[in-house]
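Remarks on the structure that follows.
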Amino acid sequence: MTKEARITIQRPVEPVCAAQVCNAILHSLPEWFGIESAIVQYVEDVKTLPTWIAISGDTPIGFISIKKHFPQSAEVIVMGVMPEFHHKGAGSQLLTAAEKSLREVGVEYLQVKTLDASRSCEEYDRTRAFYEAMGFRPLEVFPELWDKDNPCLLMVKRL
């Protein structure tokens, strides 16, 4: 009987490390991140954002990057977990670590933008369910923020 490796959450010291993890993980998730130009932009963004990495054994398996918009509010800019680690707690641990750090510096509200349910997509149904389970609530739909085929749902959580 094999024992699953424990998942730990770390803050990378080097921005390039976070960017490399981001790149590898987003490329492992084409159902969510299938636009190469978007992946390139996320990888660049991660170099300048607070990022947490989930590690199993010595392998990075997930990450979350946060942007503070104001002293009291922040946003999940990008988050991803390798498919084989879905439903194993990595996403919850990443979000919990980021929220703890944000609360410590006085952030009161955390937001995330995701695909609205008006566009049928099984993967994003799971994404919305994850955020709802983590305490986020739908706030507003922006039908053309990204483009007319990808309506944006803004979700918020009070920390």
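A single member of SER37, SER92 is free of Cβ contacts under 8 Å to residues at least 40 places away in the same chain and of a type in the set (Ser, Thr, Tyr), and it is SER37. Could you say whether any residue in segment 31-39 is farther than 17 Å from PHE136 by Cβ, of a type in the set (A, V, I, L, M) and surrounded by fewer than 17 Cβ atoms within 10 Å (Cβ to Cβ)? Yes - at least one qualifying residue is present in segment 31-39. The residues on offer are GLU108, GLU132, GLU99, GLU75, and the sole one that is farther than 26 Å from VAL40 by Cβ, open to solvent by less than 30 Å² (accessible area, probe 1.4 Å) and acidic (Asp, Glu) is GLU99.
Within segment 92-127, restricting attention to residues that are out of contact with any Phe, Trp or Tyr (no Cβ under 8 Å at 6 or more places or on another chain) and of a type in the set (Val, Ile, Thr), which residue is farthest from PRO12 (Cα to Cα)? The residue in question is VAL107. From the list ALA117, ALA54, the lone residue that is part of a strand (DSSP E or B) and of a type in the set (Gly, Ala, Ser) is ALA54.
The number of residues in segment 33-51 that are at pLDDT below 90 and in contact with a strand residue (DSSP E or B) (Cβ under 9 Å, 6 or more places away or on another chain) comes to 1. Scanning segment 109-148 for residues being over 28 Å from GLY89 (Cβ atoms) and either of a type in the set (Asp, Glu) or in contact (Cβ under 8 Å) with a residue 40 or more places away in the chain (or both) gives a total of 3.
In segment 10-21 there is at least one residue matching the filter, namely being open to solvent by less than 60 Å² (accessible area, probe 1.4 Å) and among the β-branched types (Val, Ile, Thr).
The values are calculated or read from the model by the stated rules, or taken from the named source; none is laboratory data. Remember, it's a predicted structure, so these values are computed and weren't measured experimentally. Here Cβ is always computed from backbone atoms with ideal geometry, including for glycine, and neighbour counts include all displayed protein chains. The protein model used for the area step is the full one, side chains on, heavy atoms only, and it has no ligands, DNA or RNA in it. Shrake-Rupley method; radii C 1.70, N 1.55, O 1.52, S 1.80 Å.
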